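The structure appears below as structure tokens.
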Amino acid sequence: MTAKVPATFFHYLLTLFLLAGSHAFAASSGTAGQSTGAYPFANRYEATVFGTPPEFRFQLKQRVTPVTPSVRSISIENRQVPEIFWYCKSVEYAEMLQKDEAPLIFIIAGTGGRFSSSKVEFLQRLFYDAGYHTVALSSPTHFNYIASLSKHGVAGYVPYDTEDLYTLMQWVKEDVESRRKVSRYSVTGYSLGAMHSAFLAERDRHEKRFNFDKVLLINPPVDLFSSATTFDSWLEAQNGNQTPQKAIDKFIRQFSEFYKSNNFAQLDSEVLYRFFTTVDMTDTELKQLIGASFRLTSSSMIFTSDVCLNAGYVVPANTHLDTASPLMRYFDTASQITFQDYFREFLLPYLQYTDSGMTEEKALADCSLRKIADFLRTSDNIRLVGNEDDPILQTDEVAFLKQTFGKRATLFATGGHCGNMQYVDFAQAMLRAMERQE
Amino acid sequence: MKTAHPSRAIMTRSLIRSLIRLIGLLVCLCALAGCGATRTAPERTLEKTPFRTPVSHVVTAPQAEDEAEQRKMKNVSLLAVNDPAERLNRTIYTFNAKLDRAVLIPVVTGYEAVVPPQLRSGIANGISNINEIPRLANAMLQGDPSKCGIIVARFVINSTLGIGGLFDPATKLEFYPQNEDFGQTLGVWGVPQGPYVVLPVYGPSNIRDSVGLAGDMVFAYYQMEYLYELAEIGDRDTARYTNTVVRGVNTRAGIPFRYYTMDTPFEYEILRFAYTKARQLESER
């Protein structure tokens with residue numbers, strides 16, 4: 001039962017604004033009748049932006065007393081977190097633990113994603129219902145983790161990201177084991193989090209801190225930079241005047257029209273999907289929305305790294321930013337920077353600063369599943385669930401995944417990038433992938 | 001207006017004192033509850049390094065004389081909003097966030113833990129029902145008869161079938177809640193939003209909506225005084241205080257927003273943009 005304070009259009013718009021490319025509506029709302037139909041969005045861009053309508057979703061267990069993830073935090077002694085990040089001085093994550101001994105699964109968010117995002121929470125509840133202790137972690141590319149956890153203060157270089165996660169996961173392991181019995185460990189993640197999972201598995205093969213029972217990759221990119229470049233290309237001006245700003249504005253306007261003309265009590269996910277059915281946007285415009293959402297993530301990452309390292313990239317070096325400092329100028333600058341430029345102008349020079357032998361080729365190769373293809377091909381405990389029409393994958397990359405994972409890959413024909421993650425069949429495929437097979 | 005109660009000043013002072021004590025207690029509780037683990041990791045202290053990027057995108061502040069350049073910057077910016085008092089606004093924003101974390105959210109959490117959902121829903125419905133009157137006033141001032149009709153229907157249905165507003169059968173009968181305030185009314189009358197403002201405790205606003213909010217608050221004050229009169233409540237100060245606290249807790253409980261959970265350090269900018277855009281579209285009819 002929710003309190004009926006008439007939510008203002010502002011709250012709705014805020015939700016919607018953060019929605020493009022990350023469908024923010026929580027999995028918990030709505031108990032619509034189950035539909036057995038096929039996943040409704042055949043268009044990969046619509047799927048990516050709109051996600052899964054409530055009646056197509058996997059139904060999580062309804063409990064008399066609802067169980068919610070509890071947020072925990074770890075702060076690193078003497079860490080010099082810049083003043084403007086006063087609110088992320090500690091690393092936060094969320095756990096849902098069973099009462100008795102159980103297997104534990106780590107869930108890693110996608111690019112820029114937070115441990116409490118709707119996708120992570122869905123996975124957390126899905127596996128909790130299946131009997132796991134679940135621990136949800138933000139992406140190392142989330143600005144909060146850059147400020148509070150990251151060893152180097154930069155994100156987007158997979159070996160560094162993996163190291164940050166591996167350290168954090170060992171801390172969490174120690175903490176959980178002091179309170180609960182854990183029978184075995186598994187790890188999963190979607191999007192970039194899936195790539196992190198794969199590299200964590202590879203690393204653990206040598207270090208053996210977890211001896212992962214299962215590793216589940218959900219909609220992974222094959223090559224981080226190839227996928228990021230794809231997003232960047234969607235923001236390049238199309239036919240002169242079709243700017244991303246216009247696409248965003250159009251989306252907001254269509255939402256506003258819907259809000260004015262349709263009466264509804266509350267904007268729950270069902271009403272939201274009624275809105276989506278009225279949306280009239282071209283593929284180009286949808287791609288611009290997805291690209292803009294990714295750009296917001298990358299500019300948050302760039303700005304945070306720049307401030308943490310005092311690198312002088314978008315903020316002048318030695319600028320003291322306090323909690324009252326206007327940041328708009330830095331957002332404007334950072335949001336004009338492509339991921340490719342960030343790589344060439346910031347990330348690579350930093351990697352070369354810490355390791356003089358670093359080359360562009362090596363840095364790029366380090367962020368590709370192709371680097372650990374042999375390991376992935378021969379590890380029976382690594383499973384993949386994804387979509388053939390995932391817009392972040394090139395044709396040859398889909399072929400690579402099929403070839404590498406063989407029978408351990410479940411690929412759906414439609415669903416876009418993580419759009420069908422909550423779809424019944426997709427959720428069941430994830431659960432099946434985690435089952436033990438000798 | 002009634003003459004002030006002689007002991008009102010004293011009561012107010014003791015009220016403030018106990019409020020401060022309550023806040024102090026809550027802050028201590030939060031500090032205890034929110035205290036997580038600490039780890040020693042000398043390689044993760046984010047020591048300063050001499051590293052600088054070889055290429056810099058730093059834009060120096062546009063000079064005042066270069067107005068064309070400034071205009072260009074404003075057009076480029078996706079999230080541009082007129083915010084001349086930004087430093088002050090940001091200071092208030094940070095204060096609000098800290099207050100929210102230390103006091104409001106713990107109070108809401110306590111409220112949700114102690115008060116059963118049926119009762120909370122009843123309180124929310126009751127307050128919403130009382131607020132139909134100012135909504136009606138605004139719908140009338142906006143000259144919108146269809147909205148007036150819905151609001152009147154809601155008030156009548158919920159006050160009777162809904163047992164004095166504790167339930168909301170009107171929504172089930174498809175008379176949906178209308179969200180009207182004096183800021184919107186001013187907007188309909190053609191008053192521009194004016195510069196962006198962050199109000200203490202309350203949050204995002206602008207000059208127009210701040211005036212609107214003051215108007216709505218004055219209206220609510222007299223409306224409540226009238227209701228106390230009707231209910232023959234003697235101890236007005238307690239009634240006023242209870243009303244403020246209950247409304248405050250109820251309002252915060254109904255807003256899902258949490259500070260600093262937006263996945264970006266540009267939360268202030270995004271909130272400012274979304275607020276301004278929403279208010280602009282709301283009064284564009």
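Each reported figure results from applying straightforward, stated rules to the coordinates on display, with no laboratory input. Predicted model only: the values in this text are computed from it and were never measured. FYI the Cβ positions are ideal-geometry reconstructions off the backbone, even for glycines, and counts take in every protein chain you see.
Given labels modelled 7 Å from the Cα in the Cβ direction, how far is it in nm from B:M217 to B:A239?
Reported label-point gap for B:M217 and B:A239 is 2.1 nm.
Assuming 0.692 mPa s and 37 °C, estimate D for the stretch A:9-438 with Stokes-Einstein, Rh taken as the Kirkwood radius over Cα pairs, in µm²/s.
148
Just to confirm the filter: which trypsin sites (Lys or Arg not before Pro) across the stretch A:60-146 are DSSP coil and have at most 10 other Cβ within 10 angstrom of their Cβ?
In loop regions of the stretch A:60-146 (DSSP not H, G, I, E or B), the sparsely surrounded trypsin sites (Lys or Arg not before Pro) are A:R63, A:K99.
Enumerate the calculated ³J(HN,Hα) couplings along the stretch A:379-393 in order (Karplus 6.51 cos²θ - 1.76 cosθ + 1.60, θ = phi - 60°), each rounded to whole Hz, writing x wherever the residue is Gly or Pro.
With the stated coefficients, the stretch A:379-393 comes to 9, 5, 8, 9, 10, 9, 10, x, 10, 5, 9, 4, x, 8, 10 Hz.
Give, as a single signed number, the net charge of other residues whose beta carbon lies under 12 Å from the beta carbon of A:A409, with Lys and Arg counted +1 and Asp and Glu -1.
In short, +4.
Amide H to amide H, which residues 5 or more places from A:R383 or on other chains are under 5 Å from it, using H placed in the peptide plane?
A:V215, A:L216, A:L217
Per residue of the stretch A:80-89, what does 6.51 cos²θ - 1.76 cosθ + 1.60 with θ = phi - 60° give for ³J(HN,Hα)? Whole Hz please, x for Gly and Pro, Karplus curve as stated.
Result, rounded to whole Hz: 8, 6, x, 3, 5, 9, 3, 8, 10, 7.
If you place +1 on the Cβ of every Lys and Arg and -1 on the Cβ of every Asp and Glu, how big does the dipole about the Cα centre of the stretch B:120-180 come out, in debye to the nearest 20?
Dipole magnitude for the stretch B:120-180 comes out near 120 debye.
Given R₀ = 25 Å, FRET efficiency for B:L227-A:E257 by Cβ-Cβ distance, to 0.05?
0.05
Taking the number of other C-beta atoms within 10 Å as the exposure measure, put B:V218, B:V59 in order starting with the fewest.
Fewest-to-most ranking of B:V218, B:V59: B:V218, B:V59.
Given 10 °C and 1.306 mPa s, compute D for the stretch B:143-255 with the Stokes-Einstein relation, Rh being the Kirkwood radius over Cα pairs; round to the nearest whole µm²/s.
Translational D for this selection: 97 µm²/s.
Of A:T333, A:S368, A:F343, which is farthest towards the positive pole of the stretch A:333-387's charge dipole, taken about the Cα centre with +1 and -1 on the beta-carbons of Lys, Arg and Asp, Glu respectively?
Of the candidates, A:S368 comes out farthest on the positive side.
Tell me the trypsin sites (Lys or Arg not before Pro) within the stretch A:375-438 that lie in a loop according to DSSP and have at most 16 other beta-carbon atoms within 10 Å.
Hits after loop and neighbour filter: A:R436.
Using helices alone, I'd like the mean residue ellipticity at 222 nm for chain A: each DSSP H run of four-plus residues gives -39500 (n - 2.57), total over residue count, nearest 500.
-13000 deg cm²/dmol
Identify which of A:V91, A:V71, A:V424 has the largest mean-square fluctuation in a Gaussian network model of chain A, with springs joining Cα atoms closer than 10 Å.
A:V71
Starting from the 7 Å offset along Cα-to-Cβ, what nm value, one decimal, do you get for the label separation of A:R184 and A:S233?
Here the answer is 4.1 nm between the modelled labels.
Can you put A:L200, A:L123, A:L289, B:L161 in order of Cβ neighbours within 10 angstrom, beginning with the fewest?
B:L161, A:L289, A:L200, A:L123
Please compute the volume of the convex hull spanned by the alpha-carbon atoms of the protein assembly as shown and report it per residue in Å³.
Dividing the Cα hull volume of the protein assembly as shown by its residues yields 179 Å³.
Starting from the Cα-Cα distance between A:E207 and A:A38, subtract it from 0.36 nm times their residue separation and give me the gain in nm to one decimal.
Working it through step by step, the gained length comes to 56.5 nm.
In percent, what relative contact order does the stretch B:120-180 have, based on Cα pairs under 8 Å that are 6 or more apart in sequence?
So the answer I get is 40 percent.
Would you order A:T378, B:T242 from fewest to most other beta-carbon atoms within 10 Å of each residue's own beta-carbon?
Exposure proxy ranking, most exposed first: A:T378, B:T242.
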